Amino acid sequence: MNALLTLVSSLVWWVLYGSIGALFCALIAWSILRWTERCNVVFNRVYLACLLWTLLGMLLVVGVAAYEGHLHPPFRALLSSGLLRWALVLDMVVGVALVWRLTPRVDAHRVRPGSACLAVAAVMAVGFGVATSLV
């Protein structure tokens, strides 16, 4: 019973922290998409794409950290890991696909793949800036 409660608690915290992170990602991606598309995009769909992307990204990073044995600070060795770099590349590709496929403009057309790439790149640049300043 204790293991079940621990698992449920971990899932709740995973979704809670993922949704908080997705909100910041969605605000950045939404402003970039509005700028590049030159029309309004649907914010709740940008948030959905960023939520799925954030949850998957958290799984990838924790999986790489567990595989390499870097689950406790300091995380500088994890940031220089080649496996983490490949996982982040995969994460960015998945992020572009999710933003491109799930985000419509208000005129019912999908955003362009280039706009999705720029939005994901901006989110990752801000994320790397925050991550390196904290480590």
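The values are calculated or read from the model by the stated rules, or taken from the named source; none is laboratory data. Predicted model, so just to flag it, every value in this text is computed and none were measured. Please note: Cβ atoms are built from the backbone with ideal geometry, for glycine as well, and neighbour counts cover all protein chains shown. Each accessible area value is taken on the protein alone, full model and side chains, heavy atoms only, with ligands, DNA and RNA left out. Shrake-Rupley method; radii C 1.70, N 1.55, O 1.52, S 1.80 Å.
Here r is the Cβ-Cβ distance between Val8 and Thr132 and R0 is 41 Å; the resulting FRET efficiency, rounded to 0.05, is 0.80. Volume per residue for the range 13-87 equals 104 cubic angstrom (convex hull of Cα atoms). Heavy-atom accessible surface of Thr36, to the nearest 10 Å², is about 20 Å², with a 1.4 Å probe and all protein chains retained. For Phe24, the accessible area of its heavy atoms, probed at 1.4 Å with every protein chain present, is near 130 square angstrom.
Order Ile32, Ile20, most accessible first, counting only protein heavy atoms with a 1.4 angstrom probe.
Values: Ile32 35, Ile20 80 Å².
Ranked from most to least accessible, the order is Ile20, Ile32.
Round to a whole number: what % of the accessible area of the range 62-135 belongs to carbon and sulfur, probe 1.4 Å? Show your work: numbers first, answer last.
On the way: 3250 of 4530 Å².
The nonpolar share, carbon plus sulfur, comes to 72 percent.
Relative to the longest principal axis of the Cα atoms of the chain, the long axis of helix 2-37 makes an angle of roughly 30 degrees. A probe of 1.4 angstrom, applied to the heavy atoms of all protein chains, finds Leu102 with accessible area near 40 square angstrom. Relative contact order, whole percent, for the chain stands at 30, derived from Cα pairs under 8 Å and 6 or more residues apart. In whole Å, what is the distance between the alpha-carbon centres of the range 47-82 and the range 96-121? After rounding, the separation between the Cα centres reads 24 Å. Extension gain for Val106 to Val89 (0.36 nm times residue separation, less C-alpha to C-alpha distance): 3.1 nm. Here the chain is described by how far its Cα atoms reach on the three principal axes: 49, 37, 22 Å, from widest to narrowest.
Note on exposure: Cys25, Cys117 ranked by accessible area (1.4 Å probe, complete protein assembly) read Cys117, Cys25, with the most exposed listed first.
For the set Arg34, Arg105, solvent exposure ranked by accessible area (probe 1.4 Å, protein chains only) runs largest to smallest as Arg34, Arg105.
Distances between placed amide hydrogens fall under 5 Å for Arg105 paired with Arg110, Val111, all partners being 5 or more residues away or on another chain.
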